[in-house]
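The values are calculated or read from the model by the stated rules, or taken from the named source; none is laboratory data. Quick caveat, the model's predicted, so the values are computed rather than measured. Cβ atoms come from the backbone with ideal geometry, glycine included; neighbour counts cover every protein chain shown.
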Amino acid sequence: MTNHLSIEPGPSQSLGSALARLESLITALLDPEKGCPWDREQTTNSLTENLLEETYELREALLLDQAAGVLEEAGDVAFILAFLARLTEKKWGYGLKEALDAVVDKMVTRHPHVFGEVEDSLDSEGVLKQWHQIKRRQGKGLLASVPVDAPALARCHRLSAKAARAGFDWSSVAQVREALDRELAELDAEIALGNFNDPERRARLCHELGDTLMATANLARHLGFSGEKALAKANHRFVGRFEYMENQLAAKNLKPEDVDLTELERLWREAKKF
């Protein structure tokens with residue numbers, strides 16, 4: 001009979017005991033003899049996709065205000081982070097303890113209005129301004145902290161917001177809207193030239209389309225919206241409406257590809273009423 005490893009059963013009574021159970025779980029999974037073959041094969045690089053996937057699942061649960069989903073997905077993210085910390089401990093000599101100590105020290109430094117001496121009280125905008133001033137004093141470029149691999153729309157929002165703190169921004173919504181019109185005109189001019197299969201033409205089209213998307217993201221920012229969230233909600237509406245079309249057609253034993261565009265458009269207009 002196989003002598004399996006075990007984890008203390010039952011819910012933990014404190015955060016400390018919960019972290020201890022998590023550490024015990026990871027130790028069991030990575031046990032060289034009795035652990036899980038898949039877990040033992042993982043590296044700091046291979047887990048990046050898992051971290052991204054779990055983070056998006058947590059974000060979705062938060063946006064949908066799903067309590068049970070947040071509980072589950074937050075646990076998954078915590079597990080991946082603890083797992084990564086065990087791997088970084090082996091690879092670079094630091095783990096979860098060092099990471100937590102480092103973030104606490106950093107947050108104390110970034111919150112002098114809480115842990116230091118400040119003359120005036122700060123509102124939320126003042127706190128953000130102070131945060132970025134501290135980062136600049138630490139030798140970080142204004143845009144350096146925005147991850148290159150972040151979703152492009154969200155990254156655009158953060159890049160332009162940070163540049164705005166240095167005064168590089170439009171002064172009104174109307175100016176951003178005019179900029180969007182200019183970018184659309186330039187895109188239209190490229191489209192009018194045709195020849196979409198030519199590599200040089202495609203590069204120009206991609207260039208102008210990117211500028212148009214960036215202008216649109218900046219318009220969202222000036223209107224007080226997150227372009228990422230606005231597009232996520234639009235995606236959600238699209239899925240709901242398309243599923244309505246599918247359900248209506250399924251009642252007739254049909255699929256979207258079985259009917260013409262006129263019928264699909266009719267169903268789409270119908271779906272938009274709900």
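So the values come out like this:
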{"read-out": "Restricting the stretch 215-239 to residues that are surrounded by 12 or more Cβ atoms within 10 Å (Cβ to Cβ) and small (G, A, S), the residue that is nearest to E178 (Cα to Cα)", "value": "A215"}
{"read-out": "Pick from the stretch 101-111, criterion surrounded by fewer than 15 Cβ atoms within 10 Å (Cβ to Cβ) and in contact with a helix residue (DSSP H, G or I) (Cβ under 9 Å, 6 or more places away or on another chain), ranking: nearest to A61 (Cα to Cα)", "value": "M107"}
{"read-out": "Among residues of the stretch 71-96, those that are farther than 20 Å from T27 by Cα and either crowded, with 16+ Cβ neighbours inside 10 Å or at pLDDT below 95 (or both), counted", "value": "1"}
{"read-out": "Residue within the stretch 185-201 that is buried (at least 16 other Cβ atoms within 10 Å of the Cβ), modelled with pLDDT of 95 or more and of a type in the set (A, V, I, L, M) present", "value": "yes"}
{"read-out": "Test: residue in the stretch 202-223 that is at pLDDT 95 or above and not in a helix (DSSP H, G or I)", "value": "yes"}
{"read-out": "Single match in F238, F168 (criterion: in a loop (DSSP other than H, G, I, E, B) and outside the structural domain of L51 (by TED's automatic domain parsing))", "value": "F168"}
{"read-out": "Hits in the stretch 20-47 (condition: under 21 Å from K91 (Cβ atoms) and not in a helix (DSSP H, G or I))", "value": "L30, D31, P32, G35, C36, Q42, T43, T44, N45, S46, L47"}
{"read-out": "Near pairs, Cβ below 7 angstrom, 6+ apart or cross-chain, from the stretch 87-116 (closer than 25 Å to N45 by Cβ) to any residue that is of a type in the set (A, V, I, L, M, F, W, C) and surrounded by 15 or more Cβ atoms within 10 Å (Cβ to Cβ)", "value": "G95/A85; L96/A82; L96/A85; A99/A85"}
{"read-out": "Flag for A161 being without any contact (Cβ under 8 Å) to a residue 12 or more places away in the chain, under 21 Å from R221 (Cα atoms) and either in a helix (DSSP H, G or I) or more than 27 Å from the chain's Cα centre (by Cα) (or both)", "value": "no"}
{"read-out": "Residue tally, condition in a helix (DSSP H, G or I), of a type in the set (D, E, K, R) and under 20 Å from S226 (Cα atoms), over the stretch 130-158", "value": "2"}
{"read-out": "Positions within the stretch 48-71 being within 19 Å of A230 (Cβ to Cβ) and not in a helix (DSSP H, G or I), in sequence order", "value": "L64, D65"}
